[in-house]
Amino acid sequence: MNTIGHLINGEMVNDTARTQAVFNPATGKAEKQVALASKATVEQAISAAQAAYPAWRNTPPIKRARVMFRFKELLEQNADHICKLIGQEHGKISHDAAGELQRGIENVEFACGAPELLKGEHSKNVGPNIDSWSEFQPLGVVAGITPFNFPAMVPMWMFPLAIVCGNTFILKPSERDPSSTLYIAQLLKEAGLPDGVMNVVNGDKEAVDTLLTDQRIKAVSFVGSTPIAEYIYTTASANGKRCQALGGAKNHAIVMPDADMDNAVNQLLGAAFGSSGERCMALSVAVAVGDEAGDALVAKMTEAMKGLTVGEYTNANNDFGPVITAAHKEKVNGFITSAQSQGADIVVDGRNPKIEGFADGFFVGATLIDKVSTEMDSYQAEIFGPVLQIVRVKTMQEAMQLIDDHEYGNGTCIFTRDGEAARYFSDNIQVGMVGINVPLPVPVAYHSFGGWKRSLFGDLHAYGPDGVRFYTKRKTITQRWPSSGVREGVSFAFPS
Ligand code: NAD
């Protein structure tokens, strides 16, 4: 069986003492296995990154950026292969994988601007013959830990920017679908990145804990579920590291009575069921304001969902693929069952769909649940499956209150034709990323991505301008060159 190893100092390394099966979720078969790095292997990667750091730190930003220009071209040339690897292990359909890759490439494009992004701030004559400036220096060896659901895009939120800022990097991808991430990292070598600047260690908690506690790691970026994000943030912080840890979500869309209902339904279909709902920005709750809006939404959604197809990644006619594991399929089905037993209406039931030729695949069909209330387990938890729940309220204020009361605050959206309502919503809602008639308001690469409340632990959001700040530390230099022969007197007063 093919074993997926690690990339350390530009070479593939296999430590196969511990391995884990990697499944094709459409067939339900383990077709590969991944090596789970030991503490010693992770330490080997950290040593390689540490050794590569001084030369890379002193490489001019424009030369670092040139590697990224070549890397972007290689990503585009090899897009089909990357999407195939994503499909085989994650299960997402090729059009969806291509979208994720494109969003990743946009982060590489942003990183190509390193010389501009790393420009400091300069003040001449802050005192007589005194100039002062701030510059942004790299941190050293930094680490990224990423989730299964975007094996190409989320790593590219991190390492391109970290690397062009002059850091060296250790990436710990998801052990459930590591191949596309590893392949992308290998392209960096082809793009001319010196060995040791980018390293990939596959693994589980042992690898992560080594990264969190080793004193040579200066910063940790994490994306994954909230309980793990909280653990990463508290452990990394306790070990003196800078940390940004992005967690889970429960994204609500408010459907106002004046919304263009056909448009809202089209947008909700993609945002709720695309990628099997396994997106941290998936809209998983639609809050209908008024019964008329609720009835229209349920009727139109039910009709529109008849056309949805779930299936294997190679068939581009499929709308979405399987969920990631058999256990996750059971978990999603369990939430649907619990909503039913707690009194909600299962309007469209996607449990255990029959997919010809893929009887053992981890498939869940698109599911619509109406009359959901806030005490239900299915409402409180992040389901992370193709399940859209409808909550009915009487007023927009009530809708906003339940969004604010939820523990997560990643994304949200309002469907309306009323500009005043939309502006009030975006001004006041306690959520980090807001869409107005835009269902998945994922910020573009030159903004930054991050939620509020328990969707993000840390101060700086991912990528974009916040990413540059996260991967650099400010140094401020104040300089005077006294004229020759001029000697200044002693002063004990604070300089002013
Ligand atoms: P996960 O938390 O299970 O795993 C994420 C990473 O943490 C993986 O690399 C995994 O190996 C590691 N990990 C898991 N358990 C660990 C432990 N006990 N100790 C140390 N490390 C551990 O998340 P997942 O299931 O891969 O991804 C789905 C989750 O990620 C969802 O909750 C989703 O909302 C979230 N997510 C959030 C964002 C965001 O930007 N906020 C983006 C994508 C995904």
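Nothing in this text is a laboratory measurement; each read-out follows from the coordinates by a stated rule. Owing to the predicted nature of the structure, the values given are computational and were not obtained by experimental measurement. For neighbour counting, all protein chains shown are included, and Cβ atoms are generated from backbone atoms with ideal geometry for every residue, glycine included.
Sparse packing (at most 15 other Cβ atoms within 10 Å of the Cβ) combined with a DSSP loop state is found for the following trypsin sites (Lys or Arg not before Pro) in the range 140-241: Arg216.
Tell me the relative contact order for the range 251-436 as a rounded percent, counting alpha carbon contacts under 8 Å between residues six or more apart. Once divided by the residue count of the range 251-436, the mean separation gives 29 percent.
Å³ per residue of the Cα convex hull, for the range 3-72? It would help to have the intermediate numbers written out before the result.
Values: hull volume 8.0 nm³, N = 70.
Roughly 115 Å³ of hull volume per residue.
Computed from the alpha carbon atoms alone, the convex hull of the range 251-436 holds 107 Å³ per residue.
Counting other beta carbons within 10 Å of each Cβ, put Asp427, Asp262 in order, fewest first.
Result, fewest neighbours first: Asp427, Asp262.
Applying the criteria of a DSSP loop state and at most 13 other Cβ atoms within 10 Å to the GluC sites (Glu not before Pro) of the range 343-388 yields Glu356, Glu375.
For the range 234-345, calculate the relative contact order in percent as a whole number, restricting contacts to Cα pairs under 8 Å that are 6 or more residues apart. Provide the component values of the computation, followed by the final result.
Numbers: 101 pairs, mean separation 24.4, N = 112.
Once divided by the residue count of the range 234-345, the mean separation gives 22 percent.
For Thr168, the residues whose amide H sits under 5 Å from its own are Gly140, Val141, Val142, ignoring neighbours fewer than 5 places away on the same chain, with H placed 1.01 Å from N. Taking other Cβ atoms within 10 Å as a rough exposure proxy, Val13, Val220 sort from fewest to most as Val13, Val220. Indicate the gyration tensor shape class of the range 404-496 (rounded, prolate or oblate), computed on the Cα atoms with a ≥ b ≥ c the square roots of the eigenvalues: a/c under 1.5 is rounded; otherwise a/b larger than b/c is prolate and the rest oblate. Judged from the Cα gyration tensor, the range 404-496 comes out prolate (a/c at least 1.5, a/b above b/c). Among beta bridges identified by DSSP and lying wholly in the chain, the antiparallel ones come to about 40 percent.
Based on other C-beta atoms within 10 Å, arrange Tyr446, Tyr379, Tyr231, Tyr471 from fewest to most.
Details: Tyr446 14, Tyr379 22, Tyr231 19, Tyr471 28.
Lowest to highest Cβ neighbour count: Tyr446, Tyr231, Tyr379, Tyr471.
Our summary gives the chain a relative contact order of 18 percent, counting only alpha carbon pairs under 8 angstrom and 6 or more residues apart.
Shape call for the range 382-450 from the C-alpha gyration tensor, a ≥ b ≥ c root eigenvalues: rounded (a/c under 1.5), prolate (a/b greater than b/c) or oblate? It is oblate, given that a/c is not under 1.5 and a/b is not larger than b/c. Every Cα-Cα pair in the chain was counted, and those over 45 Å apart are 18% of them.
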